[in-house]
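One structure below.
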Amino acid sequence: MGSELLRSSSGRSQRWLRKKAKKSEPSSSAEVSDSEPEEYQSHSFVTSRDIRSSGLTHELRVFVGTWNVGGKSPIGSLAADLDEWLNLKNAVDIYVLGFQEIVPLKTMTVIGMEDYTDARKWNLLIGKTLNNKVGCVWLTPTMNSPIISDDYEYAKPSNSRGETRFKRSTTPLRERLKSQHDGQQGGNAAYKLMASKKMVGIFISVWMKRDIIRKYRVSNVKAFPVACGIMGYLGNKGAVSVSMSIDGTSFCFITAHLASGQKKGDELRRNQQVGEIFKRTTFPRLPQEFDDPLPPTISGHDRIFWFGDLNYRLCMDDDKARELIRKKKWKELQKFDQLKKEQQQGVFQGWKEGDIEFAPTYKYSVELGNRYTGDKHAPFNPNTGEKRRTPAWCDRIMWFGKGIQQLSYVRGESKFSDHRPVSALFTTEVDVLGPANSKTVALSKFLTSMNLSRFDVTPGQATIIPKRTLLSLIKAEAEESARETVDNTQNRS
């Protein structure tokens, strides 16, 4: 009986699809080459259009952190500093960590091929710190790609722009149930690496609680780098962005490293790079994603977080700045902050930043640890080579969008580099999606199990219709059938 029903539904769907195809002209957006790499092909047929909004919102706790590590590789003793920075006593749902200068910004690292060794080291240390703290076993990933994750795979860029896409691999129901059982027993990591991307020294790493992944639909995870350093196109400066959707809400996380310098006019270079990052960051839709409401740009997302070594300085006399720092007069000091002044001129217009109630995070003496470089009260050592810099809040965290509330904005005290790490804790609203139409889900699972070819081609016509479009049509046909059933029932009564 079940097989007859499936054959009947499939036949009706094919007839309905052919009828619709005859009414429409071929569309360039539906014409896809069969040479598309296998890693870009979707393993899921249920899109956000197949899921109706429930009208509910839930709150998630998001930790956003930024740290310029001064070209140093992570070491085992850094775990304590990482623990302090991540504030694991109050663990959250999502950790988004942005790093700058995870490699020395030398000629070969800037113009040579990407080396992901240090990115893997950081991910391993982050994974161990997050999961060991909550009493879960952290198994060392063995992948040799810049993405270290057991379910999300790294796809090689399809073009010179270097876009990275992640696909959710299909896991059989039996394995998913076993994974959930193991997770309840503490045998699985509590936090899962969702996305990770490196461009020279700029690095982003996004982690999520497995409970959140099971509860919500996490989809459309993509990463995109923009290099705007030397000559405007090298990766010593720029940004790496990650886009994803959690149920019905889109998120974008941007970690940036902008132009350095405290001379007058250097802030204009930083402003220009901000504009370039906004303009050049794109998350293009794949052919099979045309039915998904994917934001193609940074500004199109619902919740946006921008963080990193933005390098905006204090426009004031060095001695006066140090005097205000010693007196902890943060409000007075902020009157000379470049970033706040540039916001008044239109840069990051409409963006928010929490109250800064901590000392400037740059530039510290690596040798002396708790003193800024050039401190007159510190013993002079001509062999350090450290330059005198006016202290500044170079490391910042900003956000844009509704449904975001900042709970804290603090700095860490690790002496690992000449910058102090900064973190912010947020609550953010997520639009909860309701369950998909049961008939549509059944049909999508049937198509997946049949392992059909990626396209259905109407005989004698040039229109090529991707599977996601096919499923949308089947969904519409299923809803029309359901309405007919309701109408017939009402007529009988």
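The values are calculated or read from the model by the stated rules, or taken from the named source; none is laboratory data. Treat the numbers as computed from the prediction; the structure is a model and nothing was measured. Counting neighbours? That spans all protein chains shown, and the Cβs are built from the backbone with ideal geometry, glycine included. Ligands, DNA and RNA are excluded from the accessible area calculation, which covers all protein heavy atoms including side chains. Shrake-Rupley method; radii C 1.70, N 1.55, O 1.52, S 1.80 Å.
Observations on the model:
- Residue ID - modelled with the highest pLDDT, chosen from residues in segment 361-385 that are more than 13 Å from Lys415 (Cβ to Cβ) and open to solvent by 70 Å² or more (accessible area, probe 1.4 Å): Lys376
- Residue that is most open to solvent (accessible area, probe 1.4 Å), among those in segment 276-298 that are closer than 16 Å to Val240 by Cα and free of Cβ contacts under 8 Å to residues at least 40 places away in the same chain: Lys279
- Note on segment 348-375: residues that are under 16 Å from Arg420 (Cβ atoms) and outside any loop (DSSP other than H, G, I, E, B) total 3.
- Those helices (runs of 4 or more DSSP H) of segment 80-184 in which 1 or more residues are modelled with pLDDT under 60 and open to solvent by 30 Å² or more (accessible area, probe 1.4 Å) occupy 173-184.
- Number of positions in segment 42-79 that are in a loop (DSSP other than H, G, I, E, B), at pLDDT below 90 and over 25 Å from Thr427 (Cα atoms): 7
- Test for Cys228: is it at negative phi, among the hydrophobic types (A, V, I, L, M, F, W, C), under 16 Å from the mean Cα position of the chain (by Cα) and modelled with pLDDT of 95 or more: no
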